[in-house]
Amino acid sequence: MDDFPSRRDEPGSELMSRTKVLDLNTNLAAAVSYTPFLLVNVIFSVLWLVTEPKSNHYLRRHAIQSLMICGAVAAVGFSTAILTMVLGFIPFVGLLAGALLSLVSLLAVGAYFLLNFYMMYCSYNNKTFHIPLISDYAEQFEQR
């Protein structure tokens, strides 16, 4: 985990900028994009991607990462639900598979909440945290 360059006091720096819509500090807006309750993360991430200029790389990167984390957990949940339904027709295997897949889904949701809270902390404190596949794709997408 690297510290974000400390240019907080320079006027006009990216870290001192404010969002156009709600007039929030960039680091607070990035933290809000990781709020894992009631799809707040999806709503604010899309809002930041649509309204903020492309020059605000810090906020856009966090918004993209938040959307990708949410999408990954939704894909895991959807996959485990489908597998549970399909394997549920097999008498004994269905029961064991359902219990195992429910455990996998529960672990994914727990990891999702922990990761989002940690990312909220990092983004608010202007620290970067590299998530192996997600951060790489977010950087590529953000540069477009």
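Overview of results
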read-out	value
Nearest 10 degrees, 0 to 90: helix 91-124 Cα axis against the chain principal axis	10
Apportionment of accessible area to carbon and sulfur, the chain, percent (1.4 Å)	71
Calculated [θ] (222 nm, deg cm²/dmol) that DSSP helices of n ≥ 4 give over the chain, each run adding -39,500 (n - 2.57)	-22500 deg cm²/dmol
Value of relative contact order over segment 20-144, rounded to a whole percent, pairs C-alpha under 8 Å and six or more apart	34
Accessible area expressed per residue, the chain, with surrounding protein chains retained (probe 1.4 Å, Å²)	60
Label-point gap, in nm, between PHE141 and LEU87 - each point 7 angstrom along Cα→Cβ	2.9
Convex hull projection area averaged over all views, the chain, Cα basis, nm²	9.5
Ratio of Rg to Rh over segment 16-63 (Cα coordinates, Kirkwood Rh, two decimals)	0.92
Nearest-ten-degree value, helix 57-87 long axis tilted from longest Cα axis of the chain	0
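The values are calculated or read from the model by the stated rules, or taken from the named source; none is laboratory data. Since this is a predicted model, take the numbers as computed values, not measurements. Backbone-built Cβ (ideal geometry, glycine too); neighbour counts: all protein chains shown. Accessible surface areas use protein heavy atoms only, side chains included; no ligands, DNA or RNA. Shrake-Rupley method; radii C 1.70, N 1.55, O 1.52, S 1.80 Å.
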